[in-house]
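Trainee: Got a structure for you, questions after.
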């Protein structure tokens with residue numbers, strides 16, 4: 001049975017090492033500083049899931065703050081790189097965010113950086129993240145900005161379904177990314193706000209914002 005969103009994660013299976021080389025050779029960007037600044041609360045003793053952990057670059061950040069860290073990624077190659085780079089993190093597995101094997105209410109915190117936007121079905125992703133979060137648990141995610149994605153689309157309709165392809169030039173070597181196009185209403189709608197309370201929103205300061213982040217708190221059982 002094919003993994004959900006497998007089409008978009010094949011690129012990471014094929015070029016995982018290249019992505020890691022490019023990202024680790026680049027300086028920390030503003031988006032990652034902004035995301036880490038959202039962890040202005042204690043992680044001591046908390047179970048944290050890095051959803052879309054890639055090659056594991058953020059795992060030590062969470063662990064140093066006292067969290068018991070788990071990591072998932074749909075890319076087999078990325079999880080292999082994460083295990084190779086971080087052998088002291090045993091709880092890493094190949095799983096899609098839309099359907100995990102974790103029991104309900106498993107995590108105090110879920111963090112996801114540049115991963116959630118790869119899910120073709122964001123509604124299913126949010127449903128699953130709500131399921132595996134504990135009551136009042138926190139979800140923090142950072143994704144490509146829908147305005148930036150819209151300007152890449154060949155389809156001139158903002159709400160039109162599309163796949164976008166772009167190159168990140170400041171990575172060495174430059175990396176080409178393919179992903180589904182999402183709108184703000186895919187991330188923020190009645191379905192999402194029925195399940196989560198929005199605590200923080202921040203977007204990039206570029207001329208055309210490249211990213212946005214959100215911090216949400218799990219509500220009770222959706223109506």
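Trainee: Using only Cα atoms, locate the centre of the range 186-223 and the centre of the range 36-83, then give the distance between them in Å, rounded to an integer.
Mentor: If we compute the Cα centre of each part, the gap is 20 Å.
Trainee: Once every Cα of the range 126-203 carries one equal point scatterer and solvent is ignored, give the base-10 log of I(q)/I(0) from the Debye formula at q = 0.13, 0.18, 0.22, 0.25 Å⁻¹, two decimals.
Mentor: -0.54, -0.89, -1.07, -1.18
Trainee: Taking the range 65-120, how much of its Cα-Cα pair set, in percent, is spaced more than 16 angstrom apart?
Mentor: Taking all Cα-Cα pairs of the range 65-120, the fraction more than 16 Å apart is 47 percent.
Trainee: Here is a follow-up. Set the Förster distance to 30 Å, then compute FRET efficiency between residue 104 and residue 64 from the Cβ-Cβ distance, nearest 0.05. Write out the running numbers ahead of the final one.
Mentor: Details: r = 28 Å, r/R0 = 0.95.
After rounding to 0.05, the efficiency reads 0.60.
Trainee: Express the Stokes-Einstein translational diffusion coefficient of the range 182-223 in µm² s⁻¹, to the nearest whole number, given a Kirkwood radius over alpha-carbon pairs, 20 °C and a viscosity of 1.002 mPa s. Walk me through the intermediate numbers first.
Mentor: Numbers: Rh = 11.5 Å.
The diffusion coefficient I find is 187 µm²/s.
Trainee: What is the order of 132, 177, 110, fewest Cβ neighbours within 10 Å to most?
Mentor: 177, 132, 110
Trainee: By its C-alpha gyration tensor, with a ≥ b ≥ c as the square roots of the eigenvalues, how is the range 64-223 shaped: rounded for a/c under 1.5, else prolate for a/b larger than b/c, else oblate? Display every interim value, and only then the final one.
Mentor: Details: a/c = 1.78, a/b = 1.16, b/c = 1.53.
Here the range 64-223 falls in the oblate category.
Trainee: I would also like to ask the following. As an exercise, find the ratio Rg/Rh for the range 26-77 from alpha-carbon atoms, using the Kirkwood inverse-distance average for Rh.
Mentor: Working: Rg = 11.6 Å, Rh = 11.9 Å.
Rounded to two decimals, Rg over Rh is 0.98.
Values quoted throughout were computed directly from the atomic coordinates according to the rules given, and no laboratory measurement underlies them. Quick caveat: nothing in here was measured; it's all calculated off a predicted structure. Please note: Cβ atoms are built from the backbone with ideal geometry, for glycine as well, and neighbour counts cover all protein chains shown.
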